[in-house]
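Visitor: Provided herewith is a single structure, encoded as structure tokens, for subsequent inquiry.
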């Protein structure tokens, strides 16, 4: 699956959206390291990414898209996404006819400024500036799918926050998931 993100390059505060290229040579070198279990496989191509300072927060590389495929496949009806990023998962689910509304909760106003207007042209999209932990959905609101994608890195410590969000939406959703949950659970078990 390929998801082309149409967000314009730009800078707002400590956040930056830019277009970057992974050459065949860079992909080959990375994939040698990936075969040793040190990182993920990547493909050459032109991509978009969101950076905070020098750290890449999100991109639309095939590996990143694969991380979101379960959510994209399960999204329908009323959807909640915690974390906007470059809007890659949002773009993918907006192409589905059975998605009737999407509420996106994003803590960083700079990210909303850089990315939000690309997606709010679709009347099904509402973007709210709030913490995923503090946001309170309207009383009685039920979601068919909820996706939590607020972490910069995969780490076993994220499991505590993932569990908190999963409990928060357990009765408010038919399906929910968190970015990298399986990997975080494996890391947590490994380091105990």
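Visitor: As a test, work out the antiparallel percent of DSSP beta bridges whose residues both lie in the chain, rounded to the nearest 5.
Guide: Taking every DSSP beta bridge with both residues in the chain, the antiparallel ones total about 45 percent.
Visitor: What nm value, rounded to one decimal, do you get for the distance between residue 70 and residue 98 when each label is placed 7 Å out toward the C-beta?
Guide: 1.9
Visitor: Report, in deg cm²/dmol and to the nearest 500, the calculated mean residue ellipticity at 222 nm for the chain, where each DSSP H run with n ≥ 4 adds -39500 (n - 2.57) and the sum is divided by the residue count.
Guide: Values: 6 runs with 64 residues, N = 192.
Rounded to the nearest 500, the figure is -10000 deg cm²/dmol.
Visitor: Here's a follow-up. In which sequence would 141, 78 go, from the one with the fewest C-beta neighbours within 10 Å to the one with the most? Please report the intermediate quantities before stating the final value.
Guide: Working: 141 12, 78 20.
Final ranking by Cβ density, sparse to dense: 141, 78.
Visitor: For region 1-77, take N as its residue count and report Rg(C-alpha) divided by 2.2 N^0.38 Å. Numbers along the way, then the final one.
Guide: Values: Rg = 14.0 Å, N = 77, 2.2 N^0.38 = 11.5 Å.
The reported ratio for this selection is 1.22.
Every read-out reported here was derived from the displayed coordinates using simple, explicitly stated rules and does not represent laboratory data. None of these values were measured; they are calculated from a predicted model. Using ideal geometry, Cβ is built from the backbone for each residue, glycine included, and neighbour counts are taken over all protein chains shown.
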